[in-house]
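To keep things clear, I will list the structure first and then write my remarks on it.
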Amino acid sequence: MERLFYSIKEAFRLIITLDSEMLGIVSLSLGVSIAAICFASLAGIVLAYALAFRKVPLKAFVVSTMNTFMGLPPVVVGLVLYLLLSRSGPMGFMKLLYTPYAMVIAQVLLALPIITAMSHASLVAVRPAIKYAAKGLGASDAQASIAVVRYARYGIISSVMAGLGRVMAEVGAVLIVGGNIAGYTRVMTTTIALEYDKGNFELAIALGIILLLIALILNSALYMYQRKVYR
Amino acid sequence: MNIVLSNISKSYNGTRALRECSVAIEKGISTAVIGPNGSGKSTLLRIAALIEGPGSGKVSYGEFRSADDVKKLRQLIGVVLSGDTLFNDSVYDNVAYGLKIRKMNKNELRGKVSDMLASLSLSDKAGKHAMELSSGEAQRVAVARALVTEPEYLFLDEPTASLDPLNTEIIENALQEIRALRRMTIVTVTHNMFQTKRIADRVMMMYEGKVIEENITGAIFDSPENEITRRFINGIMVY
Ligand SMILES: Nc1ncnc2c1ncn2[C@@H]1O[C@H](COP(=O)(O)OP(=O)(O)OP(=O)(O)O)[C@@H](O)[C@H]1O
Ligand SMILES: [Mg+2]
């Protein structure tokens with residue numbers, strides 16, 4: 001009991017004094033996840049648009065795969081990526097294993113299905129009349145496509161937030177391909193998962209609190225954004 | 001420029017909406033398009049307004065072939081489609097859309113939008129979200145959005161369907177006012193025969209994917225040549 005109180009007190013001390021090890025871990029976490037979300041959003045939204053409105057080979061297959069992969073177990077993604085990136089694997093020559101780049105790739109793979117599937121669902125819900133209306137007001141075909149994406153923006157932004165929530169909280173994939181190397185690939189979740197009993201209990205608690213705060217901020221932002229829409 | 005549609009056919013998943021339909025729309029004239037549900041009026045309007053390409057056949061504006069000059073021609077066109085077609089933005093942003101597309105500068109845009117809102121009695125609704133409007137207000141926004149760019153060609157698909165007489169009058173008056181200033185070409189799809197008489201110089205009667213009769217409004221109502229037209233405007237079932 002006393003040890004717990006001490007650790008919580010120490011955790012708050014770390015947060016309040018902006019401990020440099022802690023800050024390093026938090027900023028790497030945010031950096032990796034935000035980079036991954038940028039790539040995944042770009043690819044996911046374009047893919048979702050193509051699946052919604054263009055002729056795409058194997059469309060039904062791709063859509064159901066994306067829906068299935070929304071719940072992909074992170075450790076499986078980590079394992080597959082490990083096999084691909086490891087020295088003897090087909091992409092081993094790129095020397096990406098145990099680097100932040102490998103972690104970004106893993107998180108892109110985890111976020112892409114969520115962003116694609118959810119964005120696709122909101123894009124197909126946009127009636128053709130919206131595209132017609134844009135064209136009828138002078139829009140080029142490309143501008144009309146933008147009007148459609150804009151019409152679906154609330155769902156698309158929700159999908160990006162959901163993707164960010166997933167990759168921020170995920171531990172299995174980044175652990176396997178990142179390796180939890182102190183000062184290099186150690187992020188919030190891997191620190192919490194592996195460091196709590198190595199005298200880093202305080203740091204683990206501090207990071208847990210920060211992670212919760214980030215999740216809270218993300219979700220309230222999303223909630224307020226959605227409320228603005230459905231008011 | 002006159003609009004000429006020649007031999008237009010259009011199918012949707014096997015449903016033939018237009019069957020080798022040919023028609024000419026004279027510049028500066030207000031034309032009403034009438035005909036039973038499903039006769040292809042909305043399809044004809046979308047194709048004439050360059051929103052959709054024809055399955056087969058040709059659309060031309062004067063010497064311009066729509067296929068080659070869509071981008072340029074669309075700048076001259078304004079459309080009000082039937083049903084709920086507003087963007088999920090504020091009333092102001094909906095009306096500003098066409099001007100933004102045309103890259104009008106902010107100050108000029110602001111002036112045009114507020115003038116247009118005023119002429120459709122929408123000044124107090126500018127900040128409202130489009131989803132919060134009554135159907136009459138929404139329809140007025142759709143008309144304002146199409147008129148604000150001062151189009152040379154205006155296409156209206158049932159612009160006053162399900163509106164009360166007051167909302168109908170506001171819309172008809174706004175159109176009349178603009179037309180008094182500049183004689184734009186107007187094509188209006190309507191099921192309202194009284195409205196047809198009020199607004200149209202000429203009438204086109206559609207039936208089963210074709211224009212079966214076209215004439216000046218008086219002639220269509222007083223002495224229709226086609227038996228189907230005669231029965232339709234007299235409210236006798238034709239199908
Ligand atoms: N996007 C579409 N997909 C499938 N079928 C369509 C589509 N648009 C029109 N049709 C079909 O084409 C035919 C003509 O439709 P259109 O909407 O042009 O008729 P309309 O004369 O405007 O009818 P209404 O008076 O009911 O509005 C109908 O049989 C309709 O079912
Ligand atoms: Mg129609």
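The values are calculated or read from the model by the stated rules, or taken from the named source; none is laboratory data. This one's a predicted model, so the numbers in the text were calculated from it and none came from an experiment. Cβ sites come from the backbone with ideal geometry, for glycine too, and all protein chains shown count toward neighbours. Calculation scope for accessible area: heavy atoms of the full protein, side chains included, ligands and nucleic acids excluded. Shrake-Rupley method; radii C 1.70, N 1.55, O 1.52, S 1.80 Å.
Just one residue in the set B:GLU225, B:GLU213 is away from ligand 2 (no atom under 16 Å from the Cβ), modelled with pLDDT of 95 or more and over 18 Å from B:GLY28 (Cα atoms); that residue is B:GLU213. The set of residues from region B:135-184 being open to solvent by less than 20 Å² (accessible area, probe 1.4 Å) and of a type in the set (Ser, Thr, Tyr) comprises B:TYR153, B:THR160, B:THR168. Selection of first residues in region B:78-106 that are within 23 Å of B:MET184 (Cα to Cα) and within 16 Å of ligand 1 (Cβ to nearest atom) and of second residues that are in a loop (DSSP other than H, G, I, E, B) and open to solvent by less than 10 Å² (accessible area, probe 1.4 Å), restricted to Cβ pairs under 7 Å at least 6 apart or on distinct chains, gives the following pairs, ordered by first then second residue: B:VAL79/A:LEU137; B:VAL79/B:ALA49; B:VAL79/B:ILE51; B:VAL80/B:PRO159.
Okay, residues lined up against (1) more than 14 Å from every other protein chain (Cβ to nearest Cβ); (2) without any contact (Cβ under 8 Å) to a residue 24 or more places away in the chain; (3) in contact with an Asp or Glu (Cβ under 7 Å, 6 or more places away or on another chain):
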position: A:THR189; (1), (2), (3): yes, no, yes
position: A:ALA193; (1), (2), (3): yes, yes, no
position: A:ILE210; (1), (2), (3): yes, no, no
position: A:LEU222; (1), (2), (3): yes, no, no
position: A:ARG227; (1), (2), (3): no, yes, no
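Filtered by the rule that a residue be under 20 Å from the mean Cα position of the chain (by Cα) and farther than 20 Å from B:ILE178 by Cβ, region B:118-137 gives a lone residue, B:SER135.
Yes/no matrix, rows are residues, columns are (1) among the aliphatic types (A, V, I, L, M); (2) more than 29 Å from A:GLY183 (Cβ to Cβ); (3) within 14 Å of chain B (Cβ to nearest Cβ):
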residue	(1), (2), (3)
A:LEU81	yes, no, no
A:PRO90	no, yes, no
A:MET118	yes, yes, no
A:ALA121	yes, yes, no
A:ILE130	yes, yes, yes
A:GLN143	no, yes, yes
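Apart from one condition, B:SER66 fits all of (1) over 24 Å from B:ILE228 (Cα atoms); (2) open to solvent by less than 10 Å² (accessible area, probe 1.4 Å); the exception is (2). The helices (runs of 4 or more DSSP H) falling completely within region A:17-110 that include 2 or more residues that are closer than 27 Å to A:ILE192 by Cα and open to solvent by less than 40 Å² (accessible area, probe 1.4 Å) map to A:20-53, A:74-85.
For region B:94-127, filtering for residues that are within 11 Å of chain A (Cβ to nearest Cβ) and buried (at least 19 other Cβ atoms within 10 Å of the Cβ) leaves 7. Restricted to region A:111-194, the set of helices (runs of 4 or more DSSP H) holding at least 3 residues that are surrounded by fewer than 22 Cβ atoms within 10 Å (Cβ to Cβ) comprises A:128-136, A:141-151, A:153-169.
When only residues in region B:18-55 that are within 14 Å of chain A (Cβ to nearest Cβ) and closer than 26 Å to B:ARG231 by Cα count, which is farthest from ligand 2 (Cβ to nearest atom)? Spell out the reasoning first.
Initially, region B:18-55 is screened for residues within 14 Å of chain A (Cβ to nearest Cβ), giving B:42-53.
Still in the running and closer than 26 Å to B:ARG231 by Cα: B:42-45.
Values: B:SER42: 3, B:THR43: 8, B:LEU44: 9, B:LEU45: 8 Å.
So, considering only residues that are within 14 Å of chain A (Cβ to nearest Cβ) and closer than 26 Å to B:ARG231 by Cα, the one farthest from ligand 2 (Cβ to nearest atom) is B:LEU44.
Restricting attention to region B:187-210, the residues that are free of Cβ contacts under 8 Å to residues at least 40 places away in the same chain and either within 14 Å of chain A (Cβ to nearest Cβ) or more than 13 Å from ligand 1 (Cβ to nearest atom) (or both) add up to 3. Cβ-Cβ contacts under 9 Å between residues 6 or more apart (or on different chains), taken from a first residue in region B:8-35 that is surrounded by 13 or more Cβ atoms within 10 Å (Cβ to Cβ) to a second residue that is among the aromatic types (Phe, Trp, Tyr), are listed as B:ILE25/B:TYR153; B:LYS27/B:TYR153; B:ILE34/B:PHE232; B:GLY35/B:TYR207; B:GLY35/B:PHE232. Counting only helices (runs of 4 or more DSSP H) that sit completely within region B:31-117, those holding 2 or more residues that are over 18 Å from the mean Cα position of the chain (by Cα) correspond to B:66-74, B:91-101. The residue that is nearest to B:THR196 (Cα to Cα), counting only those in region B:69-79 that are more than 16 Å from ligand 2 (Cβ to nearest atom) and either surrounded by fewer than 23 Cβ atoms within 10 Å (Cβ to Cβ) or hydrophobic (A, V, I, L, M, F, W, C) (or both), is B:ILE77. I need the full set of residues from region B:145-163 which are within 12 Å of chain A (Cβ to nearest Cβ), within 16 Å of ligand 1 (Cβ to nearest atom) and either part of a loop (DSSP other than H, G, I, E, B) or closer than 18 Å to B:LYS72 by Cα (or both), in order please. Hit for region B:145-163 is B:PHE155, nothing else. The set of residues in region B:194-232 being part of a helix (DSSP H, G or I), surrounded by 17 or more Cβ atoms within 10 Å (Cβ to Cβ) and aliphatic (A, V, I, L, M) consists of B:ILE199, B:ILE220, B:ILE228.
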